[in-house]
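The values are calculated or read from the model by the stated rules, or taken from the named source; none is laboratory data. Model, not experiment: these values are computed from the prediction. Using ideal geometry, Cβ is built from the backbone for each residue, glycine included, and neighbour counts are taken over all protein chains shown.
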Amino acid sequence: MSDPAVPEIPTADTDVPEQSAPAGEAATAPALRRRRRLLIGAAAAALVAVVGAGGAVTAHAHKVVELDVDGDVVASSSFRGSVAGFLEENGVELGEHDEVSPSLDSPLRQGENVTVLRAAPVNIVVDGEDDVLWTTADDAGAALAAFGLEGRDVQMAVSRSTGRSEMDLPLSERTSLTVDGGTQELELEPGTTLAQALENLGLTLADLDEITVTSEPDGTSVVTIVRVVVSERVENEAVPFTSREEDDATLLVGRTAVVTEGVDGNIERRYSVTTRDGVEVAADLTSEGVTVEMVEQVTAIGTKPKPKPVPAPAPARSSAPSSSGSSGGGSTSSGGGEAAPAPEPEPAPAAPSGDVWGKLAQCESGGNPSIISSNGKYHGLYQFTVSTWQSVGGSGLPSDASPAEQTERAQALQARSGWGQWPACARKLGLR
């Protein structure tokens with residue numbers, strides 16, 4: 001009697017316990033064992049022959065299935081009845097956005113190829129708004145092209161932070177790269193990531209450089225790199241000094257003197273400047289402070305009345321010697337003799353003329369009544385010291401006095417002490 005046909009029995013995602021063959025039918029077991037196929041995986045040991053009443057033999061359905069997870073392919077055997085049960089049995093955990101083919105609720109069939117594509121998050125900008133794209137596409141170009149089919153402007157903003165999926169997402173084999181003012185058309189090996197492409201080109205990126213990836217309708221990846229530099233700029237603003245005047249009763253009317261020299265102040269401002277491909281796009285003020293204080297200039301205005309001119313002293317007059325006449329046509333005599341003539345007095349020194357004082361003033365001061373020597377010691381037309389000026393009756397500073405008063409005091413000094421008060425110029429003018 002030949003073996004009865006053994007139909008395939010649909011199974012749930014549970015294992016069927018092994019059943020023993022009834023007594024008297026053990027002879028059929030070797031034949032059943034000869035029909036078993038060699039199974040791959042640990043589940044092969046669970047295959048059990050079941051011999052039913054009347055010689056019918058039932059085997060628990062098993063399958064040999066190929067499992068592909070992101071390109072990693074293994075062969076596995078299973079007694080599960082659905083794709084979901086098969087994945088669970090093999091420890092494959094699915095994310096919310098992962099793709100499975102066939103679908104999870106599909107029955108598991110002998111020789112099935114179960115494919116799992118892991119989805120990765122990609123930061124994108126859609127019509128100017130930040131968003132996250134979960135994609136299972138093989139490359140950036142395909143992912144962006146698929147997402148942009150609805151007519152939206154889509155680009156991928158890449159971060160250089162370690163481990164970000166944007167850097168690890170492969171580019172399409174045809175990629176256009178724009179950087180440093182030039183564009184290159186690249187032919188990449190399949191699976192070349194953005195990070196690898198940049199490394200192969202020898203491109204060094206700074207931490208702030210921006211990378212965007214867009215896609216052409218044909219799936220070509222378009223990579224754009226913008227060099228971003230943040231630097232500090234220092235600007236200085238001068239603050240002009242202000243001025244004020246104050247009355248000074250020690251200065252003659254019409255005279256001024258700077259009491260406090262004005263000094264311009266300075267304000268320093270520091271900016272954080274951002275440039276994109278060399279073009280300034282932002283300048284943020286980070287600090288501001290005064291580095292030099294402004295000093296107000298103070299000028300004294302003279303209020304002292306000018307003295308009235310003092311007339312020059314009249315020159316001294318010399319008296320002529322008296323002569324004695326003769327009486328009776330004879331000479332006067334004493335005791336019958338002629339009297340001795342009286343000695344003539346010595347002539348008085350001539351008073352210097354006005355022209356001499358003008359020449360002396362020109363020699364000493366260049367004729368400038370308000371001049372002060374560089375060391376601040378000598379003043380006016382005749383270069384008085386303050387102490388000498390005061391010794392001849394002057395008050396205040398000689399350089400503040402009128403030319404007439406200065407000449408008067410100089411004449412008094414000359415009358416008292418001679419031309420030696422002006423040794424160099426007196427010698428030059430032939431006065432000594």
field: Count of the range 179-229 residues which are in contact with a Ser or Thr (Cβ under 6 Å, 6 or more places away or on another chain), among the polar types (S, T, N, Q) and over 22 Å from Ala137 (Cβ atoms)
entry: 0
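Taking the criterion of being more than 27 Å from the chain's Cα centre (by Cα) and closer than 20 Å to Gly278 by Cβ, would at least one residue in the range 184-193 satisfy it? First the steps, then the outcome.
The initial filter retains those residues of the range 184-193 that are more than 27 Å from the chain's Cα centre (by Cα), namely 184-193.
Right, trim to closer than 20 Å to Gly278 by Cβ and you get 184.
Looking for residues that are more than 27 Å from the chain's Cα centre (by Cα) and closer than 20 Å to Gly278 by Cβ, one finds at least one in the range 184-193, hence yes.
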query: Taking the range 378-416 as the search range and keeping residues that are modelled with pLDDT of 90 or more and of a type in the set (D, E, K, R), which one is farthest from the chain's Cα centre (by Cα)?
result: Glu408
task: Within the range 93-118, work out how many residues are closer than 14 Å to Val65 by Cα, in a loop (DSSP other than H, G, I, E, B), of a type outside the set (Asp, Glu) and in contact with a strand residue (DSSP E or B) (Cβ under 6 Å, 6 or more places away or on another chain).
output: 2
- prompt: Could you list, in sequence order, the residues of the range 89-114 that are within 24 Å of Val132 (Cβ to Cβ) and among the hydroxyl-bearing types (Ser, Thr, Tyr)?
  reply: Ser101
- prompt: Given the structure, is Asp277 of a type in the set (D, E, K, R) and touching a strand residue (DSSP E or B) at 6+ places or on another chain (Cβ under 6 Å)?
  reply: yes
- prompt: Does the range 246-269 contain any residue that is outside any strand (DSSP E or B) and either basic (Lys, Arg) or under 30 Å from Asp207 (Cβ atoms) (or both)?
  reply: yes
